[in-house]
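Below is one structure; the comments refer to it alone.
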Amino acid sequence: MLPASDLSEILANLTALQLEPNTTAQILAAVLAPLLRSSGPDVDPDLQLRPRGRPRRRISRRRKKATRRAARSTDARSRAIAALRDNPNTSLTDIAKIAKVSRSTVVNARDDLAAEGRRKPRETMPSTPIGGAKTDRRARAQQFLKDALAGGPKPVTTVEEVAAKAHVDEQTLGQARADLGVVTSRGNAGGVQAVQWSLPG
């Protein structure tokens, strides 16, 4: 081990150089580290240099509490969702009592369920009255086209006029035409070329 007089001389010389504290610490580490390692086990533990690297961080109490609180709120929310699913016609206050959570947790769980329902693809969702009305309109338009074109090709303008009188809108008529695979052709009726529709086959 280095004698105390040598250490004090090294420190005095470094202080006389008036270097920045970081630079001084780096020089001391570069000079003293090999000397301390070679001196063996009787090195004073206070003089040993700490290994470089990040010091281990302790998880603060606040973070632990926040983690526990989040786990509890997730558990409470899942209980509220389960109670909402099991009791769809029960009031929110009664759901809160059943799930043993606050009413605000039940409200948030209800909002989560509603958002989940909106994210589902349309194929898996049950048909709603609005969707049912769209399907009915489309089926009605298909039946209208079958009836209108049953006698053979007809001019498009005539079909569209009759469709308007039958309260079949243009968009639904176009969808029904695509569904049925209606054939479009040009006919020569009375010397005037007109676009005609006819049923396939």
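Matching residues to (1) touching a Phe, Trp or Tyr at 6+ places or on another chain (Cβ under 8 Å); (2) on the phi < 0 side of the Ramachandran plot; (3) modelled with pLDDT under 90; (4) of a type in the set (S, T, N, Q):
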site: Glu116; (1), (2), (3), (4): no, yes, yes, no
site: Glu123; (1), (2), (3), (4): no, yes, yes, no
site: Ser127; (1), (2), (3), (4): no, yes, yes, yes
site: Gly131; (1), (2), (3), (4): no, yes, yes, no
site: Arg138; (1), (2), (3), (4): no, yes, yes, no
site: Gln143; (1), (2), (3), (4): no, yes, no, yes
site: Gly151; (1), (2), (3), (4): no, yes, yes, no
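The set of residues in the stretch 170-190 being closer than 15 Å to Gly201 by Cα and part of a loop (DSSP other than H, G, I, E, B) consists of Gly181, Val182. Of everything in the stretch 8-30, what is in a loop (DSSP other than H, G, I, E, B) and either in contact with a helix residue (DSSP H, G or I) (Cβ under 6 Å, 6 or more places away or on another chain) or surrounded by fewer than 12 Cβ atoms within 10 Å (Cβ to Cβ) (or both)? Give them in sequence order. Leu17, Gln18, Glu20 - these are the residues of the stretch 8-30 that are in a loop (DSSP other than H, G, I, E, B) and either in contact with a helix residue (DSSP H, G or I) (Cβ under 6 Å, 6 or more places away or on another chain) or surrounded by fewer than 12 Cβ atoms within 10 Å (Cβ to Cβ) (or both).
Of all residues in the stretch 145-169, count the ones that are among the hydroxyl-bearing types (Ser, Thr, Tyr) and within 16 Å of Gly201 (Cβ to Cβ). So the count comes out to 0.
For the stretch 141-169, name all the residues that are out of contact with any helix residue (DSSP H, G or I) (no Cβ under 8 Å at 6 or more places or on another chain), part of a helix (DSSP H, G or I) and not hydrophobic (A, V, I, L, M, F, W, C). Result: Gln143, Asp147, Thr157, Thr158, Glu161, Lys165. Tell me yes or no: at least one residue of the stretch 59-74 is charged (D, E, K, R), in contact with a Lys or Arg (Cβ under 8 Å, 6 or more places away or on another chain) and modelled with pLDDT of 75 or more. For the stretch 59-74, residues charged (D, E, K, R), in contact with a Lys or Arg (Cβ under 8 Å, 6 or more places away or on another chain) and modelled with pLDDT of 75 or more: absent.
The values are calculated or read from the model by the stated rules, or taken from the named source; none is laboratory data. Computed from a prediction, not measured in an experiment: that's the story for all the values here. Quick reminder, even Gly has a Cβ in these numbers, built from the backbone with ideal geometry, and neighbours come from all protein chains shown.
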